[in-house]
Amino acid sequence: MAKTMKTAVMTGIGKIEFENREVPSPAPHEVLVKLEYVGICGSDMHYYETGRIGDFIVEPPFVLGHECAGTVVELGAEVKHLKVGDRVALEPGTTCKTCAYCRQGNYNLCPDVVFFATPPVDGVFQEYVAHEAAMCFKLPDHVSTMEGALIEPLAIGFHAASQGGAKVGQSAVVFGAGCIGLVSMLALRAYGVTQIFVVDSMENRLQKAKELGADVVINFTKEDTTKKIKELCEKGIDLVIDASGAPAALRCAIDVCRKAATIVLVGYSPNDETNFPMNAAINKELRFESVFRYRHIYPIAIQAVSAGTVNIKNLVSHTFDFDEIPEAMRKCIDSKDMISKAVVKI
């Protein structure tokens, strides 16, 4: 096996260069994975374009990428449940396992999590990675490694739907038709939600939502969103997932919800403080939930893809070769309205 690997390294704002790095050796509880697909996430684009997300600041050299899948090529001495040749989806976070959050099962809230491509931890725009075997989930034979890489964003969608208590017969609105909004819509459908509205301002994204199964798509720049939803769902909406982070979306969500409905907050707001129509929310006794990554979702998401309940392949609009990562990052930023999901073939 090769001793060095090609790695795409962010060397500055808006700049990626390739270099050779040493192939890591797996620790006793790890496996070495030859990566095959890595998704380009909104966080990757944000780090690439601005160098930071909130308090997480990139200090180059830094490696982006955290949505990944590949094939196991080497086992650590203590690994028993995987074998060389297994194709796996990698859950990108490794937690301490001893804090109160981990012991309660809420490991996604672990304060000491080590997460791919979250500064200062390097990501996986590279050929190989050593990762904790317990966080590598075997893919069924008929599920591709491209689909495996998409399990990561799909897990966020399933966590959002689960946080909202999604169930058969409900109506729901998803604000934002980017990748996370779309996977949230797919998860809602998998849970049996009957009527799903998707709201955005970009026509191509809305058409992708329609293609993936949205019942109604609304361009809020062209239609009165509140009026249309109320016309089509007179009893009021049961569940809202806001993947946009836009203050206007939250206000609209409160307006279209029935009493005792649930609103799930997924998208980060561009401004940490937002005007909140508190009286209207109280009068309806609305329930608010939020999402930070996911927990215990990978097996559920993989099973949904395996069973055909979720067709995650159709989410992908663009595929790039490894050598094209610099151009891919630029295109994802400059053509957001045209790209529903981009993946890199390593």
Just to be sure I understand the filter: pairs with C-beta atoms under 6 Å, separated by 6 or more residues or on different chains, first member in the range 101-120 and assigned by TED's automatic domain parsing to the domain that holds Cys68 and in contact (Cβ under 8 Å) with a residue 12 or more places away in the chain, second member assigned to a loop (DSSP other than H, G, I, E, B) and loosely packed, with under 15 Cβ neighbours inside 10 Å. Which pairs pass? Asn108/Phe292; Cys110/Cys96; Asp112/Cys96
Residue, farthest from His81 (Cα to Cα), within the range 142-160, restricted to residues that are within 13 Å of the chain's Cα centre (by Cα) and among the hydrophobic types (A, V, I, L, M, F, W, C): Ala160
Condition test on Glu49, is it under 20 Å from Val9 (Cβ atoms) and either crowded, with 22+ Cβ neighbours inside 10 Å or not hydroxyl-bearing (Ser, Thr, Tyr) (or both)? yes
Would it be correct to say that Gly181 is crowded, with 24+ Cβ neighbours inside 10 Å and of a type in the set (Gly, Ala, Ser)? yes
Can you name the residue in the range 8-32 that is under 24 Å from Leu82 (Cβ atoms) and touching a Phe, Trp or Tyr at 6+ places or on another chain (Cβ under 7 Å) and is also surrounded by the fewest Cβ atoms within 10 Å (Cβ to Cβ) among such residues? Pro24
Failed criterion for Ser162 (all others in (1) surrounded by fewer than 21 Cβ atoms within 10 Å (Cβ to Cβ); (2) in contact with a helix residue (DSSP H, G or I) (Cβ under 9 Å, 6 or more places away or on another chain); (3) assigned by TED's automatic domain parsing to the domain that holds Phe62 hold): (3)
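State all residues of the range 223-241 that are surrounded by 21 or more Cβ atoms within 10 Å (Cβ to Cβ) and under 14 Å from Pro277 (Cβ atoms); if no residue qualifies, say none. Explain how you work it out, then say what you get.
Initially, the range 223-241 is screened for residues surrounded by 21 or more Cβ atoms within 10 Å (Cβ to Cβ), giving 225, 229, 237-241.
Across the range 223-241, the qualifying residue is only Val240.
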Has the range 271-287 got at least one residue that is assigned by TED's automatic domain parsing to the domain that holds Phe197 and under 20 Å from the mean Cα position of the chain (by Cα)? no
Could you list, in sequence order, the residues of the range 255-282 that are crowded, with 20+ Cβ neighbours inside 10 Å and assigned to a helix (DSSP H, G or I)? Val256
Return the pair list, or none, for Cβ contacts closer than 9 Å from residues in the range 215-231 that are more than 13 Å from Val198 (Cβ to Cβ) to residues that are in a loop (DSSP other than H, G, I, E, B), at least 6 apart or on different chains. Thr221/Ser201; Lys222/Ser201; Lys230/Gly236
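Out of the residues in the range 121-165 that are of a type in the set (D, E, K, R), in contact (Cβ under 8 Å) with a residue 24 or more places away in the chain and out of contact with any Pro (no Cβ under 9 Å at 6 or more places or on another chain), which is nearest to Thr98 (Cα to Cα)?
Initially, the range 121-165 is screened for residues of a type in the set (D, E, K, R), giving 122, 127, 132, 138, 141, 147, 152.
Imposing the further condition that a residue be in contact (Cβ under 8 Å) with a residue 24 or more places away in the chain reduces the set to 122, 127, 132, 138, 147, 152.
Those left that are additionally out of contact with any Pro (no Cβ under 9 Å at 6 or more places or on another chain): 127, 132, 138, 147.
Numbers: Glu127: 31, Glu132: 16, Lys138: 25, Glu147: 32 Å.
So, considering only residues that are of a type in the set (D, E, K, R), in contact (Cβ under 8 Å) with a residue 24 or more places away in the chain and out of contact with any Pro (no Cβ under 9 Å at 6 or more places or on another chain), the one nearest to Thr98 (Cα to Cα) is Glu132.
So if I check each of Ala209, Ala249, which one is crowded, with 22+ Cβ neighbours inside 10 Å, within 30 Å of Asn106 (Cβ to Cβ) and either in contact with a Cys (Cβ under 9 Å, 6 or more places away or on another chain) or not charged (D, E, K, R) (or both)? Break it down into steps so the answer makes sense when it comes.
Details: Ala209 fails: within 30 Å of Asn106 (Cβ to Cβ).
After ruling out the rest, the residue left standing is Ala249.
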Report, by residue number, each residue of the range 114-141 that is more than 18 Å from the chain's Cα centre (by Cα) and assigned to a strand (DSSP E or B). Gln126, Tyr128, Val129, Ala130, His131, Glu132, Lys138
Within the range 1-57, the residues that are under 21 Å from Lys341 (Cβ atoms) and of a type in the set (D, E, K, R) are Glu36, Asp44, Glu49
Quick one: count up the residues across the range 304-320 that are exposed (fewer than 14 other Cβ atoms within 10 Å of the Cβ) and not in a loop (DSSP other than H, G, I, E, B). 1
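The values are calculated or read from the model by the stated rules, or taken from the named source; none is laboratory data. Note that the structure is predicted; figures quoted are calculated from it, not measured. As a convention, Cβ positions derive from the backbone with ideal geometry for all residues, glycine included, and neighbour counts pool all protein chains shown.
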